[in-house]
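**Student:** Before anything else, here's the structure in question.
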Amino acid sequence: MAGKVQAGPRASARGRRVASTLAEINVVPLVDVMLVLLIIFMVTAPMIQRGVDVNLPVSQRASNIDGERLFITVPTTYKSDGALYIGDERVRAEIWKERVRQKMESTNDKQVYLRGDGAVQLQELMSIIDALKSAGVETVGIVAKREGEI
C-alpha cells in the first residue's frame, strides 16, 4: 500500500464533474432593448398624430374657439364621394347625417363648427348646413383662419 495513494472524499469529488448549471435568462440586454424602443415610440408618437389637411379661408375678424366643440370638416373630395370628417373620423355620405343627429341628442350645446376647404363651393356648404339644421343643430359656425396664421 505504499505505492497507492488513498483518495479521500475531496479527491473523488474532483474527479467527476457535477452538472448543476441552471438555465437562466440574462434580462439586462432585454431591458436595454425595451428602454430604447420605449424612447423611440415616445419620440415618434406625437409626429404620427395629425389631423385633416384643410385650406381654411382667411378672415380678418376670425376669433379663437374655446372649449370642446364638434367640428365637421369638409374636404375638397366632398363633391365626388360625399364623405366628410366629424372630428378626426372620416364618415361616409350615407351615415354622417345620422351620426350628427345622435351627437346632438347627447349634448346640451347644439353648436357645430364647420371647417370647409377654400375650394369647396358655397352650394355644397349650404346643403351641408341644411342637413345639419335638420339633424338638430341650432347654431352652425364657419371656421376661418386669421390673415397671418398658417
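The values are calculated or read from the model by the stated rules, or taken from the named source; none is laboratory data. Computed from a prediction, not measured in an experiment: that's the story for all the values here. Please note: Cβ atoms are built from the backbone with ideal geometry, for glycine as well, and neighbour counts cover all protein chains shown.
**Student:** Of all residues being hydrophobic (A, V, I, L, M, F, W, C) and in contact with a strand residue (DSSP E or B) (Cβ under 6 Å, 6 or more places away or on another chain) in segment 129-150, which is nearest to Arg92 (Cα to Cα)? Just the residue, please.
**Tutor:** Result: Leu132.
**Student:** Among the residues of segment 99-120, write down those that are surrounded by fewer than 16 Cβ atoms within 10 Å (Cβ to Cβ), free of Cβ contacts under 8 Å to residues at least 40 places away in the same chain and within 24 Å of the chain's Cα centre (by Cα).
**Tutor:** Residues satisfying the conditions are Arg99, Gln102, Ser106, Thr107.
**Student:** Among (1) in contact with a Lys or Arg (Cβ under 8 Å, 6 or more places away or on another chain); (2) surrounded by 17 or more Cβ atoms within 10 Å (Cβ to Cβ); (3) not in a loop (DSSP other than H, G, I, E, B), where does Ala131 come up short?
**Tutor:** The single condition Ala131 does not satisfy is (2).
**Student:** Can Val112 be described as touching a strand residue (DSSP E or B) at 6+ places or on another chain (Cβ under 6 Å), at negative phi and at pLDDT below 85?
**Tutor:** So Val112 does not fit the description; no.
Table: residues versus (1) part of a strand (DSSP E or B); (2) surrounded by 13 or more Cβ atoms within 10 Å (Cβ to Cβ); (3) at pLDDT below 75.
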{"site": "Pro29", "(1), (2), (3)": "no, no, no"}
{"site": "Met34", "(1), (2), (3)": "no, no, no"}
{"site": "Leu37", "(1), (2), (3)": "no, no, no"}
{"site": "Ala45", "(1), (2), (3)": "no, no, no"}
{"site": "Leu56", "(1), (2), (3)": "no, yes, yes"}
{"site": "Ser63", "(1), (2), (3)": "no, no, yes"}
{"site": "Ile72", "(1), (2), (3)": "yes, yes, no"}
{"site": "Thr76", "(1), (2), (3)": "no, yes, no"}
